[in-house]
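Below you'll find the structure, written out as structure tokens, and then a few comments.
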């Protein structure tokens, strides 16, 4: 994990990047059957660099180190596929059943159509992976949200992702997708602030489609309790070549965008803190 936790925060802002990780632990390598190079497509490639230019005084930062092909931090801890393991485990939560069936639970079983593991996994593998890579992230994030809420009375969290192009026509696919769990995870002002930011840059924008926000957005986003969470997806096609992983000039734009977002949100969050 890569954490930046401010000693004396002056804003109630958190940035999380749960799919940036590219580390594959030896326990995973022991059981995997897939070529490790193929798993790169599952990573939100170079999303950790999106925030290279931000003012670190203005936000706490949570970045995953471990690949989401090993442990997906944007899933419920209970989002487990019974058929992957040697012995029966507890049942899975209803809201992520379709993801689990697609092989995309908290411990993924598939990279698109290809199986990740060569055989069923021992049950101790679950607890080891979750305790080592999942729990520290969420415990620390939950604690920080509670602290900022107690200090400022409000919290703003931007959960940063990148998405592959899901249509054959790249020209029609949005550059940016803003998800607020259909209005449940954030107050309107926070969402509109981000919408206006991207509209002013002439980027193609979509709201809650095809993504309305994953587990982090659903779990922590509670607008009635002044905990506001927005999921931001940047199209991979906008900043990289999806086939060769070559980075485009637009990556510089993305870095400047996040720098500006954090600086401009500072005005609003400072007011909210008073």
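Quick note: the coordinates plus some simple rules give every number you see, no bench work behind them. Keep in mind it's a predicted model, so treat the numbers as computed, not measured. Virtual Cβ from ideal backbone geometry, glycine too; neighbours counted across all protein chains shown.
Dimensions of segment 35-74 along the principal axes, based on C-alpha atoms and rounded to the nearest Å, stand at 40, 17, 12, largest first.
Would you calculate, for the chain, the mean residue ellipticity at 222 nm contributed by helices, counting each DSSP H stretch of 4 or more residues as -39,500 (n - 2.57) and dividing by all residues, to the nearest 500?
That comes out to -9000 deg cm²/dmol.
For segment 37-176, the relative contact order works out to 24 percent when only alpha carbon pairs closer than 8 Å and six or more residues apart are counted. The Cα trace of segment 140-238 gives Rg and Dmax of 14.1, 47 Å, the first to one decimal, the second as a whole number.
Calculate the tail of P(r) for the chain: the fraction of all Cα-Cα distances greater than 25 Å, expressed in %.
45 percent
Reducing segment 161-216 and segment 34-78 to their Cα centroids gives an inter-centroid distance of 18 Å. What is the helix-to-structure angle for 188-199, meaning the angle in degrees between its Cα long axis and the longest Cα principal axis of the chain, kept from 0 to 90 and rounded to the nearest 10? So the helix axis and the longest Cα principal axis differ by about 90 degrees. Across segment 102-131, the residues whose backbone nitrogen lies under 20 Å from the label position 7 Å along the beta-carbon direction of residue 87 are 107, 119-131.
Ordering 17, 207 from the fewest to the most neighbouring beta carbons within 10 Å gives 207, 17. For segment 1-104, the percent of C-alpha pairs falling in each 5 Å distance bin, counted from 0 to the bin holding the largest distance, reads 2, 11, 17, 18, 18, 14, 9, 7, 3, 1.
Taking the square roots of 5 times each eigenvalue of the Cα gyration tensor of segment 85-149, largest first, gives ellipsoid semi-axes of 26, 15, 12 Å. Angle between the Cα long axis of helix 250-273 and the longest principal axis of the chain, 0 to 90 degrees, nearest 10? Between the helix axis and the principal axis of the chain, the angle is about 60 degrees.
Here segment 46-158 is treated as a Stokes sphere of Kirkwood radius computed over C-alpha pairs; at 37 °C and 0.692 mPa s its diffusion coefficient rounds to 205 µm²/s.
Residues considered: 110, 30, 46. Largest GNM mean-square fluctuation over the chain, using C-alpha springs under 10 Å, is found at 30. Each label was represented as a point 7 Å from its Cα along the Cα-to-Cβ direction; for residue 31 and residue 206 these points are 3.3 nm apart. Each of 242, 225 has some number of other Cβ atoms within 10 Å of its Cβ, and from fewest to most they run 225, 242.
Set the Förster radius R0 to 51 Å, insert the Cβ-Cβ distance between residue 150 and residue 248 as r into 1/(1 + (r/R0)^6), and round the FRET efficiency to 0.05. About 0.75, to the nearest 0.05. As a proxy for reagent exposure, 186, 260, 162 were ordered by neighbouring Cβ count within 10 angstrom, fewest first; the result is 260, 162, 186.
For the chain, averaging the sequence separation of C-alpha pairs within contact (under 8 Å, six or more residues apart) and dividing by the residue count gives a relative contact order of 23 percent.
Each distinct pair of alpha carbons in segment 202-253 adds a 1/r term; the inverse of their mean, the Kirkwood radius, is 13.2 Å.
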